[in-house]
1. Checking the conditions here, which among 55, 71, 50, 32 is assigned to a helix (DSSP H, G or I), surrounded by fewer than 22 Cβ atoms within 10 Å (Cβ to Cβ), modelled with pLDDT of 90 or more and touching a helix residue (DSSP H, G or I) at 6+ places or on another chain (Cβ under 9 Å)?
2. State which residue pairs qualify: first residue under 30 Å from residue 73 (Cβ atoms) and part of a helix (DSSP H, G or I) and inside the range 83-111, second residue at pLDDT below 95 and of a type in the set (D, E, K, R) in any location, beta carbons under 8 Å apart, and separation of 6 or more residues or different chains.
3. State the number of residues belonging to the range 35-53 that are over 14 Å from residue 8 (Cβ atoms) and of a type in the set (Gly, Ala, Ser).
4. Residue 25 passes all but one of (1) among the small types (Gly, Ala, Ser); (2) surrounded by fewer than 16 Cβ atoms within 10 Å (Cβ to Cβ); (3) free of Cβ contacts under 8 Å to residues at least 12 places away in the same chain; which number fails?
5. Please indicate, with yes or no, whether at least one residue in the range 56-77 is touching a Gly at 6+ places or on another chain (Cβ under 7 Å) and in contact (Cβ under 8 Å) with a residue 24 or more places away in the chain.
Amino acid sequence: MKFVITTAVTALVAFAMGLFLPWYSIALAAGLVAALLPQNAWKAFATGFLGIALLWLAVALYMDAGNNHLLSTKIASLLKLPAYSYLFVVTAVVGGLVGGLGALTGYFARALKN
């Protein structure tokens, strides 16, 4: 249950910070949550990865639906992807890696303090 809560808190904090700060604030949000909520290194990375990946996937799908898939279709053809839906996987993985590494940094900062 703590895993799910930490993942949700990471996504919510990252969303709130993303409203006012640049895109890389997701790493700060994931690091902050991982530093404040104690867990082991693998769970810290996994919650950061999953929280940010799901957030970015949801935001990308919402924005894509708003323009009838025009931009994603053109970008997919530009990148020579077989379908524009692969862009969402790439977006989620990139965001997830940034979030996971940010959470891992927060975990190690907490471990250094103790």
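1. When all the criteria are applied, what remains is 32.
2. 88/64
3. Qualifying residue count, the range 35-53: 3.
4. The single condition residue 25 does not satisfy is (2).
5. Taking every residue of the range 56-77 in turn, at least one turns out to be touching a Gly at 6+ places or on another chain (Cβ under 7 Å) and in contact (Cβ under 8 Å) with a residue 24 or more places away in the chain.
The values are calculated or read from the model by the stated rules, or taken from the named source; none is laboratory data. Note that the coordinates shown come from a computational prediction; the quantities given were computed from them, not determined experimentally. All Cβ positions, glycine included, derive from the backbone under ideal geometry; neighbour counts span all protein chains shown.
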